[in-house]
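Student: Once you've had a glance at the structure underneath, I'll fire off some questions.
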Amino acid sequence: MAFKNYILVCGGAGCEANRGVDLYKTLQKELQEQGVENEAQVVKTGCFGFCEKGPIVKMLPDETFYVSVKPEDAKEIVAEHVVKGRPVARLLYDKTQSRTNAKLEDIDFYQKQVRIVLRNCGVIDPDSIDEYIARDGYDALAKVLTEMTQDQVIEELKKSGLRGRGGAGFLTWKKWMFTKQVASNEKYVICNADEGDPGAYMDRSTIEGDPHSILEAMTIAGRTVGASQGVIYIRAEYPLAIIRLENAIKQAKDYGLLGENILGTGFNFNIEIRLGAGAFVCGEETALIASTEGRRGMPIPRPPFPAVRGLWQKPTVINNVETYANIPMIVLRGGDWFAKIGTETSKGTKVFALTGKINNSGLIEVPMGTTLREIIYDIGGGIRGGKAFKAVQTGGPSGGVITSEYLDTPIDYEHLQKLGSIMGSGGMIVMDEDDCMVDVARFYQEFCVDESCGKCAPCRIGTRTIYNLLTGICQGRGTMDDLQKINEIGRAMQKAALCGLGQTAPNPVLSTMKYYEKEYLAHIKEKKCPSGKCRDLVTYYILPNKCIGCTVCARRCPVGAITGERQKIHTINQETCIKCGECLKACKFSAVFRR
Amino acid sequence: METVKLEINGIPVEVDKGTTILNAAHKVQVKIPTLCYHPDLPAWAACGICVVKVAGSPKMIRACATPVENGMKIVTHDPEIYQIRKTVIELILSTHPNDCLQCPRNGNCELQKLAGEFGIREVEFEKRLRNLPADDSTKSIILNPEKCILCGRCAIVCQQMQNVWALEFLGRGENTRIAPTADVELNDSPCIKCGQCSAHCPVGAIYEHSDAKQVYKALENPEMHCVVQIAPAVRVAIGEDFGYEPGELLTGKTYAALRRLGFKGVFDTNFGADLTIMEEGTEFVERFVKGHGDIPLITSCCPAWTDYMEKYAPDFIKNFSTAKSPHEMVGTMSKTYYAKKLGLDPAKIFMVSIMPCTAKKYEITRTDEMYASGYQDVDVSLTTRELTRMIKSAGIDFPNLPDEEADSILGEYTGAGTIFGATGGVMEAALRTAYFLVSGEELKDVNFTAVRGLDGVKEAAVTIAGKEIRIAVAHWMSNIETVLNRIRANREKGEEPAYHFIEVMACRGGCVGGGGQPYGATDEIRRKRAAGIYKDDAQSKLRCSHHNPHIKKLYDEFLDKPLSHTAHKYLHTTYTERKIYKK
Amino acid sequence: MLSLEIQFISLTTEIAEVLILNTTMEKPAADDKKLTPELKEFIRQWKPKPGNLIMVLHRVQEHFGYIPRNVAFEVADLLDVPLARVYGVVTFYHLFKLKKPGRFKIAVCMGTACYLKGGEDIIKELENILGVGLNAVTPDGEFSVEAVRCLGCCGLAPVLSVNGEVHGNVKKDQLAEIVAKYKGT
Amino acid sequence: MAKLTLEELKKLREEKRKELNNRRTEGKDVQVIVGMGTCGIAAGAKDTFDAFLKEIDQSGLTNVTIRQTGCMGLCHSEPTVEVIVPDMPSVVYGNVNPDVAQRIVRKHIVGKIMINDHIFDKPAADIIK
């Protein structure tokens, strides 16, 4: 027999540290004492996020949400909620509005996530077109084909204020309108699924979880701009997504939702898949077109824009996966509905891949305007291992870092840009005190060295020159002059590189130089890496007064750099030491220290 | 044509719609620097030096690739733009050997010039060279990727302008390099040695394989009787390296310079051109009137074209004129007829041809027929560029030289011979003689203007003795495929060929725009050079090859008549199918 | 004959520098690989579709594990594409290989999350264990290690995959075990 | 499958919606939904899926449907599984290895008792209801 109530107690590290264990035990005790142990089960759960208000208790099935619950509150919860079925008002999250029954979806915290793009991800079987249809799938297409004119679709998009989710944030309705306006016997619709940012996988998950939403949106785009052929350009590294797409295309064709005479309306639209082959630059639309045409993915200058001259020289609409995933909802619920979500200039939601040194890494979708603090602490559950937050990196190799100072900045296109970062495709990487910002800049620069297509001189040579300068700094060879050079090259790249990749490649460096100047100076002037990441600048020592000669460090050292007899003070041979830090981790007496 | 009004540096300018900012700026005397842009080619937009500001945009845009728009306000030069351009140039220099003094482009390198203009005194960025070996396998052009700045011009020329696909970008990012197909040696690639890559390279990454050393050696050898000939296109371009306007006709000074260099016989390839017309024209009459052989007849003076045909279009081998190219004819005649007349041992004759061409270096050993005299008929072929350097290094004050005449025989030419240097010229010259050969009458007006000019494919129909002769003239290799395909389609359907006579030259504008000509050719320069050649023609007393008395004499004394047994022995060649990819 | 050795994803300074010096001139082993009838049929089907080259190369590489030189010539011929373009494309995209990789391809993720969580150490350790550097094949032909960008499992960082099988939350001391699991199978 | 007309699409939607909302068709009222994105599979979702199949088979349960779905967004606790049992609130379990799968079947589905430490909250308030 099922219980009447389930009391979920957050077992996340944050809540446990806050007497969560006591709370769990006390709740169990109270159930027994009040004789209702058969009415409710207490369950310890994984982190709910929202650690700032821990410990958290969630009551099921009514989804009442209590915050800052202390063991002393257990008695009242059981007496009131379990026995009498009345929520304990004082423990509810939002007391000011004096809700009598604060349910999950009423709570701002959970409003922080709004699922439009990911509406079906984790809900439906991605291999089943029927389940997609059951969740209003292809209803938007039916509406566009039978009830709306091309201009009306564009008008809805205009009202919605939807901007491209691939990075630059160009207004989607404009792209569509430009493409529609060009007279041509053939036009194309392209879906950019060449998600290449290291640390970003929103598009992969969207396609894997809800492939039909992309097909539907592309067909809508085809109808709107007057195209009959669509192409999905997807990374070959995403085999599962490709399989699911292939399956979805087949299902849609079988149902007559793709192909000739769709839904009997006389509209024809086909979609084919083209694979990338490991080139980040192919996310740039002109490079993507070159690659789709079977050529080297080297960008060409715009104008002409693809809307005028794109694939096979024909007008082409290119949007990325996330942008398309929004379209059916906008068509169904109207642009006005969509425009209510988000900020003044940035409408709707944004999907982020929240990763790095965060407790709850994962895929999240939040309304534009959500602050970084909410994302990191409320949804992400804070920094892993109780370490100190240092920075969050958005926009991948084209973006920048945001410091703790700006955690309360609402996330939208404009604010991020003002901070020297960008929205990008949605990678959000959290860094903690162990991460060296010079090293992080070097990592991104190295990515750009690898991924530069090599066509334009500023990017091809600039990325490598900056990378080598950063490496020098990380190895203790840096000079103040180097910073000047990096600045100079960075500026030249921003202005003179041909495509977005090159123009933004200096961003992670310039942004870290701006916000973490001290760290750079420490590397250059003091030859020290404050976070200890840059091995060449770190030395490990054994403190004679603390070492008891337990030999653990010597045994753990992979290169035999530590010598010393049992119960005698040990020493590290600096010549041999490879600075792996194993001794520091091994020593239980704080005798090893890093400088 | 719709026009667009805009402002460049505050100066109002009105240009045709579609004009790029770079070209619009030229109209108001503003020069925007660039390294990768070349007017022959679509803007590749690689170097990033031509960036300019447009009012209202935080970005800078590439002037080479951006068309103007109404109301644009453009700033082409300010301190910020200067600094950015300078940084980019320094970055490029940081990966460049900067060994200007030993570089074949010393003095006319676009990168060197830019570095000079920007006053670059030191490159503060770390030097990174790639240590890539040079490829001299063709002995015509040398590819030195070490110096390459990856502007892309050569690959675009090779692929788009010439449709040869010998060169391509390989690799990616900082490891990108220009390399022959599939990374073989250039000589094993489809390369036709036309040298257009070298003519378009802004730096010293692709240049002619120089044989000047051999020439010096021969000249200083007292045993050797050195003779020389100059191609038609050389005389209208050589002046560019001495401060003359393109197209200035400098035949007499060139002869004089060659004599001062030590050549004992100074001939003219134009004589060979007249001879070629006699053979080729007669060949045409044989095929067209008498039905002996395949129609259309296709000219074969251009060695890059014959190489292309042997690789890409071997189905046209039977259509090729078997007549050798003019400089080969002069070469053979110098070691046979001329040697005999002067009582010289042909083994001691050293024949140098001065050509606007890099493929000629390949042609001189192309087949056994290039040794028809029993010796290598042309010992060395130098480009115009190599000759200029020789003249300069010999201390010859070229502009102030007196005009001299070529030596007789093998030196006298008609207007028909000289126009070989421009696209359409061979056709025009051939028609002048063919008219006579077919109809027995002389032309009243020898000018066939329909085949002149820079259109890629020129077509015309000429009626001779009541018969219509359909002709086509194609130049810059990518244009030939349409012509060939038309004939192929006729063949398949069993139709009469669309053309009877086809002239092909591999380079844009013909030999005046050859791969061995002075650097910097543009269509404007090609037109001027061609104009010089047509001026030479117009000034000539004799304008048809068959009127050249020395040609007549040569036949009377040595060759008998066109297509005679002797003529075949010395003046004709054969073609064989070659694999496009040798390895 | 020159060879191409440009396809690398450099990850550490040292490796990158070594590779830059080695970017040219290595004779590839002669091989006599030929297109199979199935591959020819695949090419025949794709030939009418413009822009087919990359799709065909994917299929070829799926079959051989790399793009053998002779096969590249055949592909150019059958698709009527200049060989220069085939090589231009093959060398541009990191996924295409001109040399045969190991029987087991170990791909270490170097996406940001994996980098921050020690992806670099994983590569170094693998190099130690296998005795060969990045993008080289062990003498027995069993293993090759490459660094790749983001396998899309950032939640499991650091991540590596062996012939597509993903291992998440990898620790240095598990690597020998992982390698042993595949070796000789 | 026949090509759909507009009307047929509507009809199909109604049918499937009923089916999805009310899974009691054919007496199967318990649903186990396994997240099978790349991330989930990499973390062992396939093994988990198999473990459920095996355990359900061995337990002789006939009222359970096992389905796959895409990523639920909880990458830090893959594999994730949503369990829907009548009269119980539906919950998402994280870090479900074959062992936990077995426990879920025995305790949650059969015993109606939730399992400690493996419940996660799908971080979404699905506003599109």
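Computed from the coordinates by the stated procedures, all read-outs in this text should not be read as laboratory data. Just so it is clear, the structure is predicted and the values come from calculations on it, not from any experiment. In this analysis, Cβ positions are derived from the backbone assuming ideal geometry, glycine residues included, and neighbour counts consider all displayed protein chains.
Student: Between A:SER68 and residues 5 or more places away or on another chain, which pairs have amide H atoms under 5 Å apart, with H built 1.01 Å from N, and which residues are they?
Tutor: The answer is A:GLY54.
Student: If you count, for every residue in A:226-239, the Cβ atoms of partner chains within 10 Å of its Cβ, what is the mean?
Tutor: On the way: counts 0, 0, 0, 0, 0, 1, 0, 0, 0, 4, 8, 10, 3, 2.
What the average comes to for A:226-239 is 2.
Student: Could you give me the ³J(HN,Hα) list for region C:107-115, computed from phi with Karplus coefficients 6.51, -1.76, 1.60 and θ = phi - 60°, whole Hz, x at Gly and Pro?
Tutor: Values, residue by residue: 10, 9, 6, 10, x, 4, 4, 5, 4 Hz.
Student: Using only alpha carbon pairs under 8 Å that are at least six residues apart, calculate the relative contact order of chain B and give it in whole percent.
Tutor: Values: 1210 pairs, mean separation 92.0, N = 583.
Result for chain B is 16 percent.
Student: Suppose every K and R has +1 on its Cβ and every D and E has -1 on its Cβ; what is the size of the dipole of region C:29-92 about the Cα centre, in Debye to the nearest 20?
Tutor: Working: 9 positive and 8 negative charges, 33 e Å.
Here the size comes out at about 160 debye.
Student: While we're on this one: Tell me, what ³J(HN,Hα) does each residue in region D:104-112 have, in order and in whole Hz, if you take phi through Karplus 6.51 cos²θ - 1.76 cosθ + 1.60 with θ = phi - 60° and put x for Gly and Pro?
Tutor: With coefficients 6.51, -1.76 and 1.60, one gets 4, 4, 5, 8, 6, 6, 7, x, 6 Hz.
Student: Can you grab the distance from the C-alpha centre of region A:269-284 to the C-alpha centre of region A:110-153, Å, no decimals?
Tutor: 23
Student: Turning to a different aspect of this structure: Determine the shielding of peptide D:14-20 by partner chains: average, over its residues, the number of Cβ atoms on other chains within 10 angstrom of each Cβ. Mind dumping the intermediate values first?
Tutor: Working: counts 2, 3, 9, 6, 1, 3, 9.
Averaged over the peptide's residues, the number is 5.
Student: With +1 on each Lys and Arg Cβ and -1 on each Asp and Glu Cβ, how big is the dipole of chain D about its Cα centre, in debye rounded to the nearest 20?
Tutor: Working: 19 positive and 18 negative charges, 77 e Å.
With only Lys, Arg, Asp and Glu charged at Cβ, the dipole is about 380 debye.
Student: Something else: Taking square-rooted eigenvalues a ≥ b ≥ c of the alpha carbon gyration tensor, is the protein assembly as shown rounded, prolate or oblate, where a/c under 1.5 means rounded and, failing that, a/b exceeding b/c means prolate?
Tutor: Judged from the Cα gyration tensor, the protein assembly as shown comes out prolate (a/c at least 1.5, a/b above b/c).
Student: Rounded, prolate or oblate: which fits region B:92-208, taking a ≥ b ≥ c as square roots of the Cα gyration tensor eigenvalues, rounded meaning a/c under 1.5, else prolate when a/b beats b/c?
Tutor: Working: a/c = 1.96, a/b = 1.63, b/c = 1.20.
Here region B:92-208 falls in the prolate category.
Student: Would you mind classifying region B:332-435 by shape? Square roots of the alpha carbon gyration tensor eigenvalues, ordered a ≥ b ≥ c; an a/c under 1.5 is rounded, otherwise it is prolate if a/b is larger than b/c and oblate if not. Please list the in-between numbers first.
Tutor: Details: a/c = 1.34, a/b = 1.02, b/c = 1.32.
Since a/c stays below 1.5, the shape of region B:332-435 is classed as rounded.
Student: Suppose every K and R has +1 on its Cβ and every D and E has -1 on its Cβ; what is the size of the dipole of the protein assembly as shown about the Cα centre, in Debye to the nearest 20?
Tutor: In total the dipole reaches around 1720 debye.
Student: Right, here's the next one. Kindly write out, for region C:163-176 in residue order, the coupling ³J(HN,Hα) from the Karplus curve 6.51 cos²θ - 1.76 cosθ + 1.60 (θ = phi - 60°), rounded to whole Hz, with x marking Gly and Pro.
Tutor: Residue by residue, region C:163-176 yields 6, x, 7, 8, 10, x, 6, 6, 10, 3, 6, 8, 5, 4 Hz.
Student: How are the Cα pair distances of region A:437-525 distributed, in percent, across 10 Å bins from 0?
Tutor: Bin by bin from 0 Å, the calculated values are 20, 56, 22, 2.
Student: Under 8 Å for C-alpha pairs, at least 6 residues apart: give me the relative contact order for region B:3-77, rounded to a whole percent.
Tutor: Working: 145 pairs, mean separation 30.5, N = 75.
Relative contact order, region B:3-77: 41 percent.
Student: I want the antiparallel fraction of DSSP beta bridges within the protein assembly as shown, as a percent rounded to 5. Display every interim value, and only then the final one.
Tutor: Numbers: 80 of 145 bridges.
The antiparallel fraction comes to roughly 55 percent.
Student: Another question, if that's okay. Putting +1 on Lys and Arg Cβ atoms and -1 on Asp and Glu Cβ atoms, find which of A:PRO367, C:ALA107, B:GLY514 reaches farthest to the positive end of the dipole of the protein assembly as shown.
Tutor: A:PRO367
Student: Scan around B:ALA372 for amide H atoms under 5 Å from its own, H built in the peptide plane at 1.01 Å from N, and keep only partners 5 or more places away or cross-chain.
Tutor: B:ASP377
Student: Listed highest first by mean packing, meaning other Cβ atoms within 10 Å per residue, what order do B:552-563, B:412-423 come in?
Tutor: Numbers: B:552-563: 16.5, B:412-423: 30.3.
Sorting B:552-563, B:412-423 by mean packing, highest first, produces B:412-423, B:552-563.
Student: List the relative contact order of chain D as a percent without decimals, with contacts defined as Cα pairs under 8 Å and 6+ residues apart. Show your work: numbers first, answer last.
Tutor: Details: 179 pairs, mean separation 31.8, N = 129.
About 25 percent, as a whole number.
Student: Let me ask you something else. Quick query: amide H of A:GLY264 versus all other amide H atoms, modeled in the peptide plane; which residues come in under 5 Å with a sequence gap of 5 or more or a different chain?
Tutor: Those lying under 5 Å, H to H, from A:GLY264: there are none.
Student: Just checking the output field for A:289-300: average partner chain Cβ neighbours within 10 Å of each residue's Cβ? Don't skip to the end; give the middle numbers.
Tutor: On the way: counts 1, 2, 6, 3, 5, 14, 7, 13, 5, 8, 1, 5.
What the average comes to for A:289-300 is 6.
Student: Using a 10 angstrom cutoff on alpha carbons, build the Gaussian network for chain D and name the most mobile of D:GLU19, D:GLU55, D:GLU78.
Tutor: D:GLU19
Student: Picking from A:ILE318, B:ILE317, A:GLY209, whose Cα lies most toward the positive end of the charge dipole for the protein assembly as shown (charges on Cβ: Lys, Arg +1; Asp, Glu -1)?
Tutor: Going by the charge dipole, the pick is A:GLY209.
Student: Another one. With angles folded into 0 to 90 degrees, how steeply does helix D:6-21 sit against the dominant principal axis of chain D? Use alpha carbons for both and round to 10.
Tutor: Value to nearest ten degrees: 30.
Student: Positive end of the charge dipole of the protein assembly as shown (Lys, Arg +1 and Asp, Glu -1 on Cβ, about the Cα centre): tell me which of A:ASN18, A:ILE489, B:LEU150 has its Cα farthest that way.
Tutor: Working it through, the farthest residue towards the positive pole turns out to be A:ASN18.
Student: As a test of the formula, what do you get for chain A when each DSSP H run with n ≥ 4 contributes -39,500 (n - 2.57) and the sum is divided by the residue count, at 222 nm and rounded to the nearest 500 deg cm²/dmol?
Tutor: Working: 21 runs with 206 residues, N = 595.
One gets -10000 deg cm²/dmol as the mean residue ellipticity at 222 nm.
Student: Looking at region B:145-270 from every direction and averaging, what is the projected area of its Cα convex hull in nm²? Could you put the intermediate results ahead of the total?
Tutor: Numbers: hull surface 40.5 nm².
It is 10.1 nm².
Student: I want the local charge near D:ASN116. Using Cβ-Cβ distances under 11 Å, sum +1 for each Lys or Arg and -1 for each Asp or Glu among the other residues.
Tutor: Details: positive: A:LYS44, D:ARG103, D:LYS107; negative: D:ASP117.
So the environment of D:ASN116 carries a net charge of +2.
Student: Let me ask you something else. Taking neighbour counts of Cβ atoms within 10 Å as a proxy for exposure, in what order, fewest first, do B:MET278, B:MET60 appear? Display every interim value, and only then the final one.
Tutor: Numbers: B:MET278 28, B:MET60 23.
The order, fewest Cβ neighbours first, is B:MET60, B:MET278.
Student: Only helical DSSP H runs with n ≥ 4 go in: add -39500 (n - 2.57) per run for chain B, normalise by residue count and round the 222 nm mean residue ellipticity to 500 deg cm²/dmol. Let's see the in-between values first.
Tutor: Working: 19 runs with 180 residues, N = 583.
About -9000 deg cm²/dmol.
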